[in-house]
Structures are given as C-alpha cells and as structure tokens.
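Engineer: One structure, as structure tokens, below. Some questions next.
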Amino acid sequence: MGDLMVPHPIIVDFAIALLAVSVGFDLLASVVNERDLRIVAWWTLMIGTVAAALSVVSGYTAAPADAPTMVTETIELHRNLGIATLVCFAVCSLWRANNPSGFPERYRDAYWTLTFIGLAALIVTSYWGGLLVFKFGIGLFPPS
C-alpha cells in the first residue's frame, strides 16, 4: 500500500494553511469586530476541516507497510496527532456550521480552548510529518 502514489503531501498543505488562517481571521475579527472576517474564518474552517479529513485518510494510504520500528512508531504518533487535530477542528466546525457570520458566544472560552488545542496539535503534527520526510525519507522517491 505504501508504494502507491497518493496526494497526502498536497492535501495536508491545504489543511495546515486553511486551518491556521481560519484561527488568524477569527482572532482578527475578535479585535476589530468585523463580520466579513468571521465569514472568511468560517469558510477556511469548513474547507480546512474537510482537507484535514482527507489528509488523515490519505495518510493511511501513504504509510509504508514495511517501515522499521522507529519509523513505524513515528508514523503512529504523527497519525494520532493528525486525528486529534481533525477531531478538534471538526468539533469547532460543527459548533459553527449554521452561522457563517457569527461566533459562538455561549461557551466562548471552551471554543477558544478547543481551537488552540487544535492549532497546537496541527503544529506538532506538522513537525512530526516533516521529520518523517526529511529525517526518514518517507514519501520520497528512491534515487534512480
């Protein structure tokens, strides 16, 4: 399964960018109280969450079946962090699904906590993904 060329590196870039931008626009909208910024944050959250789900699925198909134990353990950590990231942002997406221009006033602190846990998980997941590529060479074509 790991030999199959999958779009994981492409899809994951969209998830990282869109989810980080969503948090940024929500923060900015909180400072300047601009409705249009909330709409941009909503769209980037929704599309970023879909990209995160596709990243998790494509990551499963991209993982090599014959990796050494140390690499397999790193892949599992990366995968579990990716799932945690997806869960955080999926809950945020569901929380906001019906109100593109609004923000959850009820339980606002819980929403921000979940958002920042998701953002932290996104950053740490990205770090471990980079380590898999640049230290272990996972996903790179062998020299010809």
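Engineer: Restricting to region 37-69, what's the tally of residues that are touching a residue at least 40 places away in the same chain (Cβ under 8 Å) and surrounded by fewer than 20 Cβ atoms within 10 Å (Cβ to Cβ)?
Structural biologist: 10
Engineer: Next question. Are any residues in region 7-31 under 23 Å from PHE136 (Cβ atoms) and part of a helix (DSSP H, G or I), and if so, which ones?
Structural biologist: HIS8, PRO9, ILE10, ILE11, VAL12, ASP13, ALA15, ILE16
Engineer: Of all residues in region 28-39, which are among the hydrophobic types (A, V, I, L, M, F, W, C) and either under 21 Å from LEU86 (Cβ atoms) or in contact with a Gly (Cβ under 9 Å, 6 or more places away or on another chain) (or both)?
Structural biologist: Of everything in region 28-39, nothing turns out to be among the hydrophobic types (A, V, I, L, M, F, W, C) and either under 21 Å from LEU86 (Cβ atoms) or in contact with a Gly (Cβ under 9 Å, 6 or more places away or on another chain) (or both).
Engineer: On to the next question. Just checking, does region 87-100 include any residue being in contact (Cβ under 8 Å) with a residue 60 or more places away in the chain and either touching a Phe, Trp or Tyr at 6+ places or on another chain (Cβ under 6 Å) or not in a helix (DSSP H, G or I) (or both)? I'd like the intermediate steps shown before the answer.
Structural biologist: So in region 87-100, the residues in contact (Cβ under 8 Å) with a residue 60 or more places away in the chain come out as 89, 100.
Still in the list and also either touching a Phe, Trp or Tyr at 6+ places or on another chain (Cβ under 6 Å) or not in a helix (DSSP H, G or I) (or both): 100.
Yes, region 87-100 has at least one match.
Engineer: Looking for something closer than 19 Å to HIS8 by Cα and assigned to a helix (DSSP H, G or I) - is there at least one such residue anywhere in region 32-40?
Structural biologist: Filtering region 32-40 down to residues closer than 19 Å to HIS8 by Cα leaves none.
The answer is no; no qualifying residue exists.
Engineer: Okay, moving on. Right, PHE89: buried (at least 17 other Cβ atoms within 10 Å of the Cβ), closer than 30 Å to GLU34 by Cβ and among the aromatic types (Phe, Trp, Tyr) or not?
Structural biologist: Values: buried (at least 17 other Cβ atoms within 10 Å of the Cβ): yes; closer than 30 Å to GLU34 by Cβ: yes; among the aromatic types (Phe, Trp, Tyr): yes.
In short, yes.
Engineer: When you check SER22 against the structure, is it at pLDDT 95 or above, farther than 20 Å from GLY130 by Cβ and of a type outside the set (A, V, I, L, M, F, W, C), yes or no? Talk me through it step by step, then tell me what you get.
Structural biologist: Details: at pLDDT 95 or above: yes; farther than 20 Å from GLY130 by Cβ: yes; of a type outside the set (A, V, I, L, M, F, W, C): yes.
Spelling it out, SER22 is indeed at pLDDT 95 or above, farther than 20 Å from GLY130 by Cβ and of a type outside the set (A, V, I, L, M, F, W, C).
Engineer: For ARG96, all conditions in the list (1) under 12 Å from the mean Cα position of the chain (by Cα); (2) crowded, with 17+ Cβ neighbours inside 10 Å hold save one; what is the number of the exception?
Structural biologist: Every condition holds for ARG96 apart from (1).
Engineer: Condition check: over 14 Å from PHE103 (Cβ atoms), charged (D, E, K, R) and over 16 Å from the mean Cα position of the chain (by Cα). Does GLU73 satisfy that?
Structural biologist: Values: over 14 Å from PHE103 (Cβ atoms): yes; charged (D, E, K, R): yes; over 16 Å from the mean Cα position of the chain (by Cα): yes.
Spelling it out, GLU73 is indeed over 14 Å from PHE103 (Cβ atoms), charged (D, E, K, R) and over 16 Å from the mean Cα position of the chain (by Cα).
Engineer: Right, another one. Output the number of residues of region 101-129 satisfying the condition of being assigned to a loop (DSSP other than H, G, I, E, B) and not hydrophobic (A, V, I, L, M, F, W, C).
Structural biologist: The qualifying residues number 6.
Engineer: While we're on this one: In the set THR49, THR44, which member is among the β-branched types (Val, Ile, Thr) and touching a Leu at 6+ places or on another chain (Cβ under 6 Å)? Write out each step before concluding.
Structural biologist: Working: THR49 fails: touching a Leu at 6+ places or on another chain (Cβ under 6 Å).
When all the criteria are applied, what remains is THR44.
The values are calculated or read from the model by the stated rules, or taken from the named source; none is laboratory data. Remember, predicted model here, so these are calculated numbers, not experimental data. Quick reminder, even Gly has a Cβ in these numbers, built from the backbone with ideal geometry, and neighbours come from all protein chains shown.
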